[in-house]
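The values are calculated or read from the model by the stated rules, or taken from the named source; none is laboratory data. Keep in mind that this is a model prediction, so the values were computed, not measured. With ideal geometry, Cβ positions are generated from the backbone for all residues, glycine too; neighbour counts draw on all protein chains shown. For the accessible areas, the whole protein counts, side chains as well, though only heavy atoms, and no ligand, DNA or RNA atoms are used. Shrake-Rupley method; radii C 1.70, N 1.55, O 1.52, S 1.80 Å.
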Amino acid sequence: MNSLQINKLSKRYSNGTQAMQEISLQIGNGIFGLLGPNGAGKSTLMKTIAGLQQPDSGSLLFNGTDIVADPFYIKKQLGYLPQDFGVYPKISAYDLLDHLAVLKGVENKKERKEQILALLEKTNLLAYKNKAVSSFSGGMRQRFGVAQALLGAPKIIIVDEPTAGLDPEERNRFNTLLSEIGEQVIVILSTHLVEDVRNLCTQMAIIQEGSVKAYGEPITFIRQLDGCIWHKRIDKKELDFFREKYHVISVQLFAGQQSVTIFSETDPGEGFSMKSQDLEDVYFYQLSKKG
């Protein structure tokens, strides 16, 4: 069982942006969802875990080793799938994986071949091993990204916005693959898509403005809002009135008409209907809380 302990990590950039503010999390095997809007600090945290930058303060322990003091330790254990990764124009999937495996320290040629073929099969790309990765569809590229992230048998894998731009079928295929991987290692899924966290993660954290707003099990957060989420269709001109009177957590368009969702522990009246809460409501509720 692998363990990543994040204790009071902080990072302020030279332009004054407080990208992380005393972030503390404990992560074990399985898929851990890191949810938050763009600019929340997710990428800063990912880069720090990956040893690509140093925090200003705080500690990071992976399987008991201080990886702030020894970033090379985590790099040897790490697989990383960025949101976008560049590929050489004419290199085949097999040859590119072979090149990357050498860079990851898999020196034995026979071992490399066995590992590459197994990973291509695992990601359903074996039939395309001789095709140029640059010719792959978006979903195939993401699955190739998983294959390269798994080279060298890492114990922790970071995936950053992995399903952005994928069609529903490819997204489901990718998520199934990710779920299988998460049974053996730590997978940290950084995303702004609530649906992916709901479908995949047993543990999650919501981050906003560099701070952890919520940390725990998605199902627990959903249950905590039972009977407290209400919604109503309104005229657009009424929005300011409802924002002043109620704890509005989200405003959405439904069939061309504006719908407002609020948090209230009692029946708010005024024609509001109680709705079944979901993880999206949890997300908007946590982001709407003051402090």
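Explain nothing, just the number: relative contact order of the range 98-236, from Cα pairs under 8 Å at least 6 residues apart, as a whole percent.
Numbers: 111 pairs, mean separation 23.1, N = 139.
Reported relative contact order: 17 percent.
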*Unit charges at the beta carbon, dipole of the chain: most positive-side option, Q18, A147, L45*: A147
*What part of the accessible area of the chain, given as a whole %, is carbon or sulfur when the probe is 1.4 angstrom?*
47
*Return the single residue from Q258, Q18, Q208 with maximal mean-square fluctuation; model: Gaussian network over the chain, springs between Cα atoms under 10 Å.*
Q258
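Rounded if a/c is under 1.5, else prolate if a/b is larger than b/c, else oblate: which is the range 131-188, with a ≥ b ≥ c the root eigenvalues of its Cα gyration tensor?
oblate
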_Mean-square fluctuation check for the chain, GNM, Cα pairs under 10 Å: which of L97, L189, L166 is largest?_
L166
*For E217, what charge total do you get from the other residues with a beta carbon under 12 Å from its beta carbon, if Lys and Arg give +1 and Asp and Glu give -1?*
+2
*Placing +1 at every Lys and Arg Cβ and -1 at every Asp and Glu Cβ, with all other atoms neutral, what dipole size does the range 78-191 have around its Cα centre, in debye to the nearest 20?*
380
*asked:* Just to confirm the number: angle between the C-alpha axis of helix 279-288 and the first principal axis of the chain, 0 to 90 degrees, nearest 10?
replied: 70
*Give the cross-link partners of K236 among the lysines, using a straight C-alpha distance below 25 Å as the criterion and excluding same-chain residues fewer than 8 apart.*
K245, K275, K289, K290
*Most mobile of N15, N108, N38 per a Gaussian network model of the chain (Cα springs, under 10 Å)?*
N15
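For the chain, what is the accessible area per residue in Å² when the probe is 1.4 Å?
Numbers: 14720 Å² over 291 residues.
With all protein chains present, the chain gives 51 Å² per residue.
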*Could you state the number of Å between the C-alpha centres of the range 1-31 and the range 115-187?*
26
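Taking a 30 Å limit on the Cα-Cα distance, which of the listed pairs K11/K90; K42/K232; K155/K213; K90/K113 fall beyond it?
Numbers: K11/K90 40 Å; K42/K232 33 Å; K155/K213 27 Å; K90/K113 20 Å.
The pairs that break the limit, which is 30 Å between Cα atoms, are K11/K90; K42/K232.
How large is the charge dipole for the chain, taken about the Cα centre, if only the Cβ atoms of Lys, Arg (+1) and Asp, Glu (-1) carry charge, to the nearest 20 debye?
Numbers: 33 positive and 33 negative charges, 150 e Å.
Its charge dipole is roughly 720 debye.
Report, in deg cm²/dmol and to the nearest 500, the calculated mean residue ellipticity at 222 nm for the chain, where each DSSP H run with n ≥ 4 adds -39500 (n - 2.57) and the sum is divided by the residue count. Before the final figure, lay out each step's value.
Numbers: 10 runs with 98 residues, N = 291.
Taken over the chain, the calculation gives -10000 deg cm²/dmol.
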*asked:* Students often get this wrong: which residues of the range 193-211 have the backbone nitrogen under 14 Å from the point 7 angstrom along Cα-to-C-beta of D278?
replied: 193-200
*asked:* I'd like the orientation of helix 168-181 relative to the chain: the angle between its Cα long axis and the longest Cα principal axis, in ° from 0 to 90, rounded to 10.
replied: 70
_Rounded to 10°, Cα long-axis angle of helix 109-122 versus longest principal axis of the chain_ = 30
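In square nanometres and to one decimal, what's the mean projected area of the convex hull around the Cα atoms of the range 1-157?
10.4
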*Report, by chain and number, residues whose modeled amide H sits under 5 Å from the one on Q203, excluding near sequence neighbours (fewer than 5 apart, same chain).*
G33
*Using the charge dipole of the range 136-277 (Lys, Arg: +1 at Cβ; Asp, Glu: -1 at Cβ; taken about the Cα centre), state which of S250, W230, M274 has its Cα farthest towards the positive end.*
S250
